[in-house]
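Laboratory data are not the source of any read-out in this text; all were calculated from the coordinates shown. The structure presented is a predicted model; accordingly, all values stated were derived computationally and were not measured. Neighbour counts are summed over all protein chains in view; Cβ atoms, including those assigned to glycine, are modelled from backbone coordinates with ideal geometry.
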Amino acid sequence: MGLFDEIKKKLSHEFIDIVEWLDNTNDTIVHRFERYQNEIKNGAQLVVREGQMAVFINEGQLADVFKPGTYTLNTENLPILATLKGWKYGFNSPFKAEVYFVSTRIFTDEKWGTKNPITLSDDRFGLVEIRAFGTYTFRISDPGKFIVDVVGTDGNFTNYEINEHLKSLIATRFTDTIGEANLPIELYAANTTELSDTCQEVMQPEFARVGIDLEKFYIENVSMPEDLKKEIFEYSRLDKLDMQKLAQFKAAKAMEEAAKNEGGTAGAGMGMGMGFVLAQQMGNMMNPNLGQAQNTGQAPMAPPPIPVQVQYYYAANGQQAGPVTFDALKALFASRTINKDSLVWKQGMDNWAPLKEVEELKAFLGGSTPPPLPNS
């Protein structure tokens, strides 16, 4: 051992007896307390402030975790470390251990986004691509697990380093979540709040596995190619507009533009007049009755309702049969399948009745005698 190392060791033993970390950054998650050969004096003071936790690592093993407070380091409050070291009756000499201070505050406004477009299948537009980005907030909930599984031996671990890992996790789970949502493509941008809550619920277990609590997850924007966005807007308009009025309007606008190209007030007036005529002609082609009504000055006529044929049920050989139309029933009577005493029924009748008693069916019987002539 050189003279300089001996001086550093002596100074460490005599003067350094407070273990603490004052964070003067906004991005440090884990800070390893540095001292000569990781030696800590017996009876040293450990100061853990609010928003921090201290993790002791001995020879690669998790030894102890301290919450906010002030501690005197000895075998009484280092039971696991004492067991690892094999101390039975206390210790008076310095002991070696790595001390990591972990910030447990909430890290806010962390950015995430999809590096590549996400391909979705839509019932109307087929395969489409979307991108998304937003923010999230997190905090370390299990410092021991976080140190062992993520940090390792990194002496100064920042949120930039963990963000690279978390962004990949978020992008994967986000893709799975929106794929399973199976929403119409235009509703993804309209339901960002519901999607954000669902994504947070899906991602939370993944974060917890490495000792992180996902506090909030926000989707700020879901974007798609401009040509697809334009097509969706047109689709929504067509779904709401009256097609006849739209055709008339576009025809009139086209003729207005044509008149402007000819120049002059007369041309503009002629163009507008022709536009109105063309719009009227298009409306007449789409609705002939409307054109006829305009030519005669009468209100447009609606066609009468389609007549509904009466359906009859009949009894033959003790079995119900039908329904059949009036003409079909008449043919059955003519072929002697049924007769005047056969029971029939139609909608509106209370009970079955013989055919001869149903007024409109009496015509099947024939042989009707006309009433006598009135007296002259």
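Once C-alpha pairs closer than 8 Å and six or more residues apart are averaged by separation and normalised to the residue number of segment 312-364, the relative contact order reads 31 percent. Extension gain for Asn74 to Asp27 (0.36 nm times residue separation, less C-alpha to C-alpha distance): 13.7 nm.
Sorted fewest first by neighbouring Cβ atoms within 10 angstrom, Leu183, Leu169, Leu214 come out as Leu183, Leu169, Leu214.
Of Lys230/Lys250; Lys115/Lys145; Lys115/Lys229, which ones are farther than 26 Å apart at the Cα? It would help to have the intermediate numbers written out before the result.
Values: Lys230/Lys250 18 Å; Lys115/Lys145 29 Å; Lys115/Lys229 20 Å.
Beyond 26 Å between Cα atoms: Lys115/Lys145.
Sorting His31, His165 by the number of Cβ atoms found within 10 Å of their own Cβ, with the fewest placed first, yields His165, His31.
Averaging 1/r over each pair of different alpha-carbon atoms in segment 103-226 and inverting the result gives 15.4 Å, the Kirkwood hydrodynamic radius. Counted by neighbouring Cβ atoms within 10 Å, the residues Ser196, Ser223 run from fewest to most as Ser223, Ser196.
Each residue of segment 326-336 was assigned a 3J(HN,Hα) from its phi angle through the Karplus expression (A = 6.51, B = -1.76, C = 1.60, θ = phi - 60°), giving 4, 5, 5, 5, 5, 5, 5, 5, 5, 8, 6 Hz with x at Gly and Pro. Computed from phi, the 3J(HN,Hα) profile of segment 186-191 under the Karplus parametrisation 6.51, -1.76, 1.60 (θ = phi - 60°) reads 6, 8, 5, 6, 8, 10 Hz, with x in place of Gly and Pro.
Considering segment 102-162 at the alpha-carbon level, its Rg and Dmax are found to be 17.6, 54 Å.
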